[in-house]
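Written below as structure tokens is the structure these notes are about.
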Amino acid sequence: KNNLKQLGLAFLNYHAEYGSFPPAVVYDDGGRPMHSWRVLLLPYLDQQTLYSHYRFDEPWDSPTNIALQDAIPEVYRCPGDHRGDEASELVRQHLHRLSNYVVVTSEDGLFSSSRMSGVTDIPDGRHHTLMTAEVRQHAVHWMSPDDVTLGELLTDLRLSANDDDDNCSHGPGINIGLADGSVRWIPHDFAEESLRALVSTDKADPIPADF
């Protein structure tokens, strides 16, 4: 949970400086996805030097930027994800570059492709709004402007029922970070409509009474 807490604080510090949370994706003028929120947050994670070497005038996977991929901050990797421990060096290298931490891209959530959101855009309360999630099946390259949809997060949640101590330290369920900076664990059988309500910033969406 500590990584999600650090990310939550970084999001809030970014918001304090810019008046909104970072976009999930930075697009170029032609609509091509260029950069991830995970890069935008680097200065708020004590990674200013790494951030200073990143070229925002080039795509995330340009030769200059991709040379930074092995410098993935540990905060972007779940310490309980032991996949690849017994794999080949090439596979381990690939898995090392993946981040377990994603946002949910949704037009009615915090991370819409058409706008940036701030705390004033959350009428149902920051403590009832999902900001980040810790996933395994849908882990992404930490520099890539890729995240998950609600459906993909639900799939990851359901598949966590198969997690065991050899592969994951927190069992059948996932940790999520909320927009107030807090962290919660939800079980693998958490109701789909409740997960949808947490992703949405719409006050009309019902939040489970016991959440």
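Structure summary
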read-out	value
Test: residue in segment 115-132 that is closer than 22 Å to residue 95 by Cβ and modelled with pLDDT of 95 or more	yes
Residue in segment 181-190 that is among the small types (Gly, Ala, Ser), within 24 Å of residue 10 (Cα to Cα) and at pLDDT 95 or above present	yes
Looking only at segment 116-163, and only at residues there that are touching a Phe, Trp or Tyr at 6+ places or on another chain (Cβ under 8 Å) and not in a loop (DSSP other than H, G, I, E, B), the one that is surrounded by the fewest Cβ atoms within 10 Å (Cβ to Cβ)	128
Any hit, segment 21-38, residues being polar (S, T, N, Q), closer than 17 Å to residue 116 by Cβ, touching a strand residue (DSSP E or B) at 6+ places or on another chain (Cβ under 8 Å) and modelled with pLDDT of 95 or more	yes
Close pairs from segment 65-76: first within 11 Å of residue 3 (Cα to Cα), partner not in a helix (DSSP H, G or I), Cβ under 6 Å, at least 6 apart	73/47; 76/99; 76/101; 76/142
Complete set of residues in segment 44-73 that are over 16 Å from residue 8 (Cβ atoms), of a type outside the set (A, V, I, L, M) and not in a loop (DSSP other than H, G, I, E, B)	48, 49, 51, 52, 53, 63, 64, 65, 69, 70
Flag if residue 184 is surrounded by fewer than 21 Cβ atoms within 10 Å (Cβ to Cβ), of a type in the set (Lys, Arg) and part of a strand (DSSP E or B)	yes
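The values are calculated or read from the model by the stated rules, or taken from the named source; none is laboratory data. Small disclaimer: the values here were computed from a predicted structure and weren't measured. Every residue, glycine as well, gets a Cβ built from its backbone with ideal geometry; the counts of neighbours run over all protein chains shown.
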